[in-house]
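Below is one structure, written out as structure tokens; comments come after it.
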Amino acid sequence: MYLNIDQIQSIHIEPTSRCNLLCPKCARTYHGAKAPSLPIADLEWGAGIDGLFTEKLSRQLKLVMYCGNYGDPAASPHICRFLEELLSRGVKFQALYSNGSLKSPDWWRHLSGLLKNRGQLIFSIDGLEDTNSLYRVNSNWEKIEENLSAAVGGGCSVRWDFLVFHHNRHQIDDAIALARKLGVKEFNVKRSARYFHEHPLPNYDRTTDVRPEEEARIWDEPIAAQDLRDKKSFERYVRSTSVTCKTKHAEPSIYIDFQGAVWPCCWLPAAQYTVGDDIQKSQFDTLLDRYDPGFNSIIKHHIGEILSHPFFQSDLERFWLPDDRRLFVCGRTCGEAFEFTSMVGHKNSRLISLEDVKFS
């Protein structure tokens, strides 16, 4: 089985599919526009969510994180309700991720005040004024600076996440200096595996990810063994590698998407609205066809009922086996020789306290 209720230590919530940006490798983006099949919806605080966050579970949790595959949590009209309810129920720590160019400084100051000593605001800013919008398409630098400053001023711990590309790698030290000047507590240098087999960004004419010979400046080891850069070798690896599920073992958790579906992690349903021929999309569609609609909906079912469903009880672990039933997303994300995620605590993330010495 995956987990029972008493084992859950964190919950990852995607509160909305709304976002003001069109990042090229985001699941919501297709040819520079919103993916045509993606519904626009918001997760509301209703009976299902209310029943999930019992006093016992709320006090058991180490973290509730607001992020997701498609939307920016700051775009949710219900996000403050979630934060306030969970604060009142004894959740120890809440973390909210955003591109930072939504809402007003007053809104961020208020949010920061709510989470003071009980959470963190994470701003995903991939460069400085001249580079951030190359990947964070449609972002507004002036608003980001204003909102970041307001969030710091509200008293909550604030972190800057910096996704490294070839076009912004030279700005890491300057960004750290700016973050320290603004009062940001932590700076997280991240590398993305999404461009592992590809290079160009739309409207940008240079290599996007950090070249292997340059990786040593930031990370102690390459993203994966060099032979995995060949697509066919990588596909063979994904089918055969040993899988250790991160969200079962590293930090026992569940993920709730913007429609209220409960999954073990955000990665499994990430290709749900992908356009075109994609193995993760086809496997996900096949998975959905196995079960009744809404089998994992927290709006329709109690969490105990969901975790007792055959998907969580037995089928999920079968999808980790190295055979024809192996889910590509599981082999890629939780295999032993390739690190896909850049979450804190994994080797594609380097978290820096801004009380430390200069990065370089």
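Summary of values
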{"read-out": "Alpha-carbon Debye profile of the range 1-110, log10 I(q)/I(0) at 0.12, 0.15 Å⁻¹", "value": "-0.48, -0.71"}
{"read-out": "Per residue convex hull volume, Cα atoms of the range 133-191, in Å³", "value": "80"}
{"read-out": "Accessible area of the range 66-160 divided out per residue, in Å², using a probe of 1.4 angstrom", "value": "35"}
{"read-out": "Whole-percent carbon and sulfur share, accessible surface of the chain, 1.4 Å", "value": "49"}
{"read-out": "Solvent-accessible ranking of 352, 299, largest area first, probe 1.4 Å", "value": "299, 352"}
{"read-out": "Check: the chain dipole with +1 on Lys, Arg Cβ and -1 on Asp, Glu Cβ, in debye", "value": "380"}
{"read-out": "Longest to shortest principal axis, alpha-carbon extents of the chain, angstrom", "value": "51, 51, 37"}
{"read-out": "Computed magnitude of the charge dipole of the range 1-95 (debye, nearest 20; Cβ of K, R +1, Cβ of D, E -1)", "value": "280"}
{"read-out": "Area of residue 108 that stays accessible when all protein chains are in place (1.4 Å probe, Å², to 10)", "value": "0"}
{"read-out": "Trypsin sites (Lys or Arg not before Pro) lying in DSSP loop within the range 288-360, provided at most 10 other Cβ fall within 10 Å", "value": "290, 358"}
{"read-out": "Mean projected area (nm²) of the alpha-carbon convex hull when the range 59-163 is viewed from all directions", "value": "6.4"}
{"read-out": "Signed unit charges on C-beta, dipole axis of the chain, positive-most listed residue 53, 76, 3", "value": "53"}
{"read-out": "Candidates 264, 310, 252, ranked by Gaussian network fluctuation over the chain, Cα under 10 Å, top entry", "value": "310"}
{"read-out": "Among beta bridges that DSSP assigns inside the chain, antiparallel share in %, nearest 5", "value": "30"}
{"read-out": "Total charge dipole magnitude, the range 45-149, about the Cα centre, Cβ charges on Lys, Arg, Asp, Glu only, Debye to nearest 20", "value": "640"}
{"read-out": "Förster-model FRET efficiency, 30 Å R0, residue 33 and residue 344, C-beta, rounded to 0.05", "value": "0.45"}
{"read-out": "Spatial separation of Cα centroids for the range 83-120 and the range 282-360, in angstrom", "value": "26"}
{"read-out": "Inter-centroid distance (Cα atoms) of the range 241-281 relative to the range 1-77, Å", "value": "12"}
{"read-out": "Cα-derived Rg over Rh, computed across the range 218-288 with Rh taken as Kirkwood radius", "value": "1.02"}
{"read-out": "Simple spin-label estimate for residue 44 and residue 142 in nanometres, 7 Å along Cα-Cβ", "value": "3.6"}
{"read-out": "Protection proxy ranking, peptides 75-86, 239-250, 161-172, average beta carbon neighbours within 10 Å, highest first", "value": "161-172, 75-86, 239-250"}
{"read-out": "Most fluctuating residue given options 345, 113, 155, as computed from a GNM of the chain linking Cα atoms under 10 Å", "value": "345"}
{"read-out": "Residue of 292, 130, 50 that the Gaussian network model of the chain assigns the largest fluctuation, springs spanning Cα pairs under 10 Å", "value": "292"}
{"read-out": "For the range 27-76, radius of gyration divided by Kirkwood radius, i.e. Rg to Rh on alpha-carbons", "value": "1.10"}
{"read-out": "Cysteines in the chain lacking a second Cys C-beta under 4.7 Å", "value": "19, 67, 80, 156, 245, 265, 266, 330, 334"}
{"read-out": "Equivalent-ellipsoid semi-axes of the range 288-360, from the Cα gyration tensor, Å, largest first", "value": "36, 19, 9"}
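The values are calculated or read from the model by the stated rules, or taken from the named source; none is laboratory data. Remember, predicted model here, so these are calculated numbers, not experimental data. Virtual Cβ from ideal backbone geometry, glycine too; neighbours counted across all protein chains shown. Calculation scope for accessible area: heavy atoms of the full protein, side chains included, ligands and nucleic acids excluded. Shrake-Rupley method; radii C 1.70, N 1.55, O 1.52, S 1.80 Å.
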